[in-house]
Amino acid sequence: MTSDPMLPLRLSLLLTLPLLPCLRAETAAPAAAPEPKDDPAYTWDLTPLYADDAAFEAAKAKLAADLPRLAQYRGRLGESAATLREAMELLTELKDRFYRLAIYAMLASDVDTRDAAALERNQGMDMLGTEFSSASSFVDPELLAVGEAKLRAFIDAEPGLADYRFPILDTLRRAPHTLGGEAEEVLSSVGLIADGPSSVHSILSNADIPWPTIKLSDGTEVRLDQSGFSRARVSSERADRQAVFEAFWPKVKEYERTFGVALFTQVKTDWFNARVRKYPSSLAAALAGNDIPEAVFRTMVAEANANLPTLHRYFKLRGRMLGIADMRYWDLYPPVVKLDKHFTFEEAKGHVLEAVNPLGGEYRSALAGCLNGRTTHVYPRQGKRSGAYQIGDVRDVPPYVLLNFSDDYDGVSTTAHEWGHGMHSYMANRSQPAPLAEYSTFIAEIASTCNEALLVEHMVATATSDDERLYYLGSALEELRAAFFHQAMFSEFELRIHEEVEKGNALSGETFTRIYAELLRRYHGDAQGVVRIDDAVTVGWAMVPHFYRDFYVYQYATSIAAAQAFAERIQSGAPGAVDTYLGLLKAGGSAHPYELVKRAGVDLATPEPYRALVRHMDAIMDRMEAILDKRGK
């Protein structure tokens, strides 16, 4: 059971989606019988957490008053096995209460980031998290002082410590990077300000930028905030897409300097934490927490670069289907096939439930119960946090999911993705004791992208025309591109900017743009004439919230490789495939995530999972090109 100087940031697992290109259904006609977006059924009910804000405040005050109880165990963890068990149980209880408070405050704020009172409650939890971290900061140094032999003897002698074996021994693994008690307490106070860059980015990008409004060729006016941009960039009219890009990205460019200061501060913070804990790099520090071999990150990036010809083949196929010879960045977003198909949220739920049938009745039944409860905030609204995430760290209530649902296939796919996370939380919480339930993001993204892979196969199998099949195959191809190649590019960007700071170099928004531009052009084959990258879009780094969570995005790339492997085994009916996969989800955080995935049969430190993913992309393109060739297109 470890203390963490970044506790305010890491006590909640926010699984947000970046602004990724994806193929969306063309909305040529309104959906039939649209759902009332203000219906309470499509908003979340927070009363299972707290009855109201007053109950939240009372619980927060009680937790603040109880934190000093930890001090009674300072200097006593080596006293006896019983004392160690009592300390671990108290720390777990207080952490669970903090989770509940932090999640309530975050969810209440995210539905309207303009709500000052909700924002203050959320920020207040950051401060309480710092107090928590400070109060528990003695634990790691003291466990190290007790020593491995004595701790193992305590664990063997006290049955109540069995659930704490893995976290306690994992603390010993990090001994070279754990400071003394006083230093740990001081370092924990960094949490009071560590989330500043992320908060600035969130408020600037979601609430404060005066986004432009433009008129499209059909007369529709669109406010180009993040949600509006995501909807408008898929227009079938190329001139509209160009206009959207030429309005949106220059507005972001106006704030390049401010975004640059925020990101530079974040990268410096990452390097500060790495240095004081005696890691050789920010990457090493980021991977060490979950004992991820550095070979996982570097092999993934190397394989993405080695297989850029397959990525460029996809861009050329997209150009062929759109009838565009001079591909530009705004041509990556529209659907390649017209599909006048719409989905209500109820229909989306039905497709997701059908798609997960191969996972068995236990999984489907539990998912149906969650989807039909009031734990999903479905529709976009002004001031609502963009993107999507799930949060499932309160063990006695179902997970909560934030969506910004659109009535196209992307809305269905995002629902499947986020409830893949949700079911992971649901199953881990019900299969593991509290100290072992919280899983790593490294595994979490496998659960979400496996659901998406199953959804695609369901949609292709039920399609009634070649156009519909092309659409869903194209959607699968785009997901593989976005989650593997695009996230590998993001990962390279993160590595480059962290290495610059580690060399002692300062970074500005202009420098970030220059680095990002070089990567964007290489990945998209600008020099080879595959996709031309205009200067305006090279400020795209500024709109990626994941860069404020050090080396987060590589896990999208590793996860989709693993998820594709699991999905193929499940769909082929391989013996034991379902049980092995569900076992991975139920394992929670009972071991290091890389080892859990490896035990399930996928070694992400080797090239093979990534090469298999690329072969799968080529196979999809073969199928699509066969349909096009048959048509003579």
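Check region 158-178 and report whether any residue there is of a type outside the set (D, E, K, R) and assigned to a loop (DSSP other than H, G, I, E, B). For region 158-178, residues of a type outside the set (D, E, K, R) and assigned to a loop (DSSP other than H, G, I, E, B): present.
When you check Gly373 against the structure, is it under 22 Å from Gln555 (Cβ atoms) and in a loop (DSSP other than H, G, I, E, B), yes or no? Judged against the criteria, Gly373 is not a match.
Condition check ((1) surrounded by 24 or more Cβ atoms within 10 Å (Cβ to Cβ); (2) assigned to a strand (DSSP E or B); (3) among the basic types (Lys, Arg)) across all residues:
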| position | (1), (2), (3) |
| --- | --- |
| Val401 | yes, yes, no |
| Asn404 | no, no, no |
| His417 | yes, no, no |
| Gly420 | yes, no, no |
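Can you find, within region 560-603, the residue that is most open to solvent (accessible area, probe 1.4 Å) among those that are of a type in the set (Ser, Thr, Tyr) and closer than 22 Å to Thr171 by Cβ? The residue in question is Ser590.
Which ones in region 423-442 are open to solvent by less than 10 Å² (accessible area, probe 1.4 Å) and within 12 Å of the chain's Cα centre (by Cα)? Scanning region 423-442 gives a single hit, Phe442. Checking each residue in region 305-341 for being basic (Lys, Arg), in a loop (DSSP other than H, G, I, E, B) and crowded, with 16+ Cβ neighbours inside 10 Å picks out only Lys341.
Within region 181-278, considering only helices (runs of 4 or more DSSP H) that don't extend past its boundaries, which have at least 1 residues that are open to solvent by less than 30 Å² (accessible area, probe 1.4 Å) and either hydroxyl-bearing (Ser, Thr, Tyr) or under 28 Å from Arg381 (Cβ atoms) (or both)?
Details: elements: 181-188, 191-194, 196-203, 226-232, 238-253, 256-276.
Result: 181-188, 196-203, 226-232, 238-253, 256-276.
Could you tell me which of the residues Asp550, Asp535 is at pLDDT below 95, open to solvent by 10 Å² or more (accessible area, probe 1.4 Å) and over 28 Å from Val578 (Cβ atoms)? I'd like the intermediate steps shown before the answer.
Working: Asp535 fails: at pLDDT below 95.
Selected residue: Asp550, the only one of Asp550, Asp535 that is at pLDDT below 95, open to solvent by 10 Å² or more (accessible area, probe 1.4 Å) and over 28 Å from Val578 (Cβ atoms).
When you check His377 against the structure, is it open to solvent by 40 Å² or more (accessible area, probe 1.4 Å), closer than 26 Å to Pro40 by Cα and touching a residue at least 60 places away in the same chain (Cβ under 8 Å), yes or no? Considered against the rule, which asks whether it is open to solvent by 40 Å² or more (accessible area, probe 1.4 Å), closer than 26 Å to Pro40 by Cα and touching a residue at least 60 places away in the same chain (Cβ under 8 Å), His377 comes out as no. All of (1) in contact (Cβ under 8 Å) with a residue 40 or more places away in the chain; (2) surrounded by fewer than 17 Cβ atoms within 10 Å (Cβ to Cβ); (3) within 24 Å of Ala444 (Cβ to Cβ) hold for Arg298 with one exception: (1). The single residue among Glu445, Glu494 that is modelled with pLDDT under 95, of a type in the set (Asp, Glu) and surrounded by 24 or more Cβ atoms within 10 Å (Cβ to Cβ) turns out to be Glu445.
Taking each residue of region 235-249 that is free of Cβ contacts under 8 Å to residues at least 24 places away in the same chain and among the small types (Gly, Ala, Ser) and looking for partners that are open to solvent by 60 Å² or more (accessible area, probe 1.4 Å) and outside any helix (DSSP H, G or I) with beta-carbon atoms closer than 6 Å, six or more apart or interchain, yields nothing. In this structure, does Asp396 turn out to be touching a His at 6+ places or on another chain (Cβ under 9 Å) and open to solvent by 10 Å² or more (accessible area, probe 1.4 Å)? So Asp396 does not fit the description; no.
Whenever a residue of region 432-443 is farther than 15 Å from Glu89 by Cα, its partners that are part of a helix (DSSP H, G or I), lying with C-beta atoms within less than 6 angstrom and at least six residues away or across chains, give the pairs Tyr439/Ala428; Ser440/Pro593; Thr441/Gln555; Phe442/Gln555; Phe442/Pro593; Ile443/Pro593.
The values are calculated or read from the model by the stated rules, or taken from the named source; none is laboratory data. Just so it is clear, the model here is predicted, and its values are computed rather than measured. In this analysis, Cβ positions are derived from the backbone assuming ideal geometry, glycine residues included, and neighbour counts consider all displayed protein chains. Heavy atoms of the whole protein, side chains included, go into the accessibility calculation; ligands, DNA and RNA do not. Shrake-Rupley method; radii C 1.70, N 1.55, O 1.52, S 1.80 Å.
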